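We did not get these values from a lab; they are worked out from the coordinates using the rules stated. All of these numbers come straight from a predicted model, not from anything done at the bench. Here the Cβ positions follow ideal geometry from the backbone for every residue, glycine too, while neighbour counts run over all protein chains shown.
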Amino acid sequence: MKYLNEFRDGQVAKRMAAEIRQITTRPWKIMEICGGQTHSIIRNGIDQMLPPGIEMIHGPGCPVCVTPLALIDKALAIAAQPGVIFCSFGDMLRVPGTDSDLFQVKGRGGDVRIVYSPLDAVELAARNPDKQVVFFGVGFETTAPANAMSVHLARQRGLKNFSLLVSHVLVPPAIEAIMSSPENKVQAFLAAGHVCSVMGFWEYPPLADKYEIPIVVTGFEPLDLLDGIRRAIIQLEKGEHHVENAYERIVTYAGNLGAQQLLAEVFELSDRSWRGIGLIPNSGWRLNDNYRNFDAEERFQISGIHTEESPLCKAGDVLRGAIKPESCPAFGKECTPRHPLGATMVSSEGACAAYFNYGRFLSAEELANSGAVHA
Amino acid sequence: MPEKTAPDFSSWSCPLPLRDYPTIVMGHGGGGKLGNELVEHLFLPAFRNPALENLGDAAIFELGSGRLAMSTDSFVVQPLFFPGGSIGELAVNGTVNDLAVSGAEPKFLSASFILEEGFPLAQLAAVVNAMAESAEKAGVRIVTGDTKVVERGHGDGCYINTAGVGVMRQGISVGPNRAQPGDVVLVSGTIGDHGMAIMSVREGLEFESQIRSDCAALNGLIADVLDAVGTSVHAMRDPTRGGLASTLNEIATSSNVGIEIDELKLPVRSEVQSACELLGLDPVYVANEGKAVFFVAPEAADRALEVLRAHPLGRDAARIGIVTTQHPRMLVARTAMGSNRVIATQIGEQLPRIC
């Protein structure tokens, strides 16, 4: 398959890993921001190919994982209302709210549908004028343009029955939050390639300067990841810190200008709570005044929901890179993909799910008793 | 049902699983863990008997002087017609295949229809004709049936149940619990075709080249293999719902062995691979309707592969792995990078991801 199999060549990977071993003289801690990268690293065993001192810290870039529990509870409440068609990407359906998940709401008669694009939800709204169609728009900069396009089109078509339950989060403020933390251990970042395909990487040089850290824009295939890691280590070993693009076949400095224009038209910056991490100022987008009437939170005044995080779940520490999934006492015990306590165990991009599914640190008995989501 | 008369889940044979979902969710039908738990903790304790106990694709029992196999399956696919087949072909081939992988020669089928008020007769005729053709091709006869109609809104056009009876072949003893260390794992062709064909039409996804379902009756192909190396075949399965991963995990668990497969050797059509990449799905979990997996003694593996490849339905057959004493009850894949990863049984349905 073009542009994929070339980047999965085992022989080339071995050569690149050997080169990394050669250039590494000291231990380094590198964070991959994106959950997709975490999964690729664990699935392909990239971390096992690295020299012993190189530690990959798994970042907060899993949209499902950082969506606040309160918003998930709100989604469940909206989805359960009669006359609502609640649309979502597939992997939000199993994320546990305080008492339930979207699958169970569906099982109890809620009209919950998996769609592949928010534009499909707009079509549903056009075809079902007597229903309120809500799209659960979560994610980083990557998914934001399509969500922006959905409200843009809904307004253009005069659809009064479409709204967006929106919780967008942004990578650069997350990097700031991680670097400002007194417990921070991260010495270099692999920036998320697909986020940068939309946004470019013009936002990152000030961060590399301010915190004196190398930032390498990195893709998702094994060779992409090895190349990103290699470039980060070269900078670290030389004591340099600048922004590099190791995903040139997709990412340009400026990014997708059309998408950025649309984002500016529809969204405005806002403070966001990150599940497990807390409030980060100016770390997300919400619909701006021009599009406020498409905001599901405004349209459905949901109040009186009781939201409670599991006290056992250490997802926050995992998302900040403070601990590895298997260091959480609940990992593989109270918390498994079939009975997740936190979103990091549910999402196909969550670090806990990655560790669990690819069988790290588990006995056959533990695996046999639990089951797993796929990669 | 009012709350107080609801069954007490905690008194069921295993206190853990079913309580996670007090109502039926789609995942209970997805061929993964949730479905297995229904069988293990509800159906099996309620119906327990020796023929049911082995939980094979078909039950095998002695009747008069012969050994028979019996199997049943219900079909609720949407859309009813898809590239490469329809619910009609599925309904016949699904039951034929369940009998064939149990080591039986499929003979007679029943067919029951649950039709929704308003369902066009022309579509029903197309489905029935497809069933007749498939039965003819597979060499089975549909000898009894039933029709029920439900009110509009209470069904999805057309549901079909088929049950089938077959005669066990002499001198064959296959079962999901008979895989042995050293066995070679063969698959009869490309994986994931049916699931991705359905998904591409169901969700209106447009791919450059159309993906066709692999729906086919496998009794001819299986008979060829058994004629050639019958006594060396220890286990056979058709990896339908839950895909190859679920089937191999089931055999690893039933036989208490480890299975190692080589990811690079898995036959996957490039259009299926591309569609899976796009949706964030893994082809090892995607359904097949015309593929079989064979666990064969090592000395007979080459011959079995030769026979498979000589059959029109087995042209892409491949040797994909081996059975080992290492990591019992686990399926481990060697990746293209040379590392190993565990492929677990999935919980319910695969979910396309956000980005």
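Summary table
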| item | result |
| --- | --- |
| Prolate/oblate/rounded call for chain B, Cα gyration tensor, a/c under 1.5 rounded | rounded |
| More than 40 Å apart - percent of Cα-Cα pairs taken over the protein assembly as shown | 35 percent |
| 10 Å Cβ neighbours from other chains, averaged over peptide B:326-338 | 5 |
| Relative packing of peptides B:63-69, A:136-142, A:207-213, B:332-338 - highest average C-beta neighbours within 10 Å first | A:136-142, B:332-338, A:207-213, B:63-69 |
| Sequence of A:Trp202, A:Trp28 once ranked by neighbouring C-beta atoms within 10 Å, starting from the fewest | A:Trp202, A:Trp28 |
| Cα-centred dipole magnitude for chain B, charges only on beta-carbon of K, R (+1) and D, E (-1), debye, nearest 20 | 520 debye |
| Computed over the stretch B:55-170: relative contact order in percent, which uses C-alpha pairs under 8 Å that are six or more apart | 41 percent |
| Per-peptide average of other Cβ atoms within 10 Å, ordering B:211-224, B:43-56, A:215-228 highest first | A:215-228, B:211-224, B:43-56 |
| For chain A, with +1 on Lys and Arg beta carbons and -1 on Asp and Glu, the positive-most of A:Pro60, A:Ala232, A:Met149 along the dipole | A:Met149 |
| Hydrodynamic radius (Kirkwood) for the stretch A:235-340, which is based on Cα pairs only, to one decimal in Å | 18.5 Å |
| Separation in nanometres of the label points that stand 7 Å from Cα toward Cβ, at B:Met26 and A:Arg21 | 4.6 nm |
| Among the listed pairs A:Lys29/A:Lys324; A:Lys14/A:Lys238; A:Lys74/A:Lys131; A:Lys29/A:Lys333; B:Lys137/B:Lys291, those beyond 21 Å (Cα-Cα) | A:Lys14/A:Lys238; A:Lys29/A:Lys333 |
| Cα gyration tensor shape of the stretch A:315-360, rounded if a/c is under 1.5, else prolate or oblate by comparing a/b with b/c | rounded |
| Eligible aspartates and glutamates near A:Lys160 by straight Cα distance, threshold 14 Å, same-chain separation 8 or greater | A:Glu123, A:Asp130, A:Asp295, A:Glu298 |
| Chain A: relative contact order as a whole-number percent, Cα under 8 Å and 6+ apart | 21 percent |
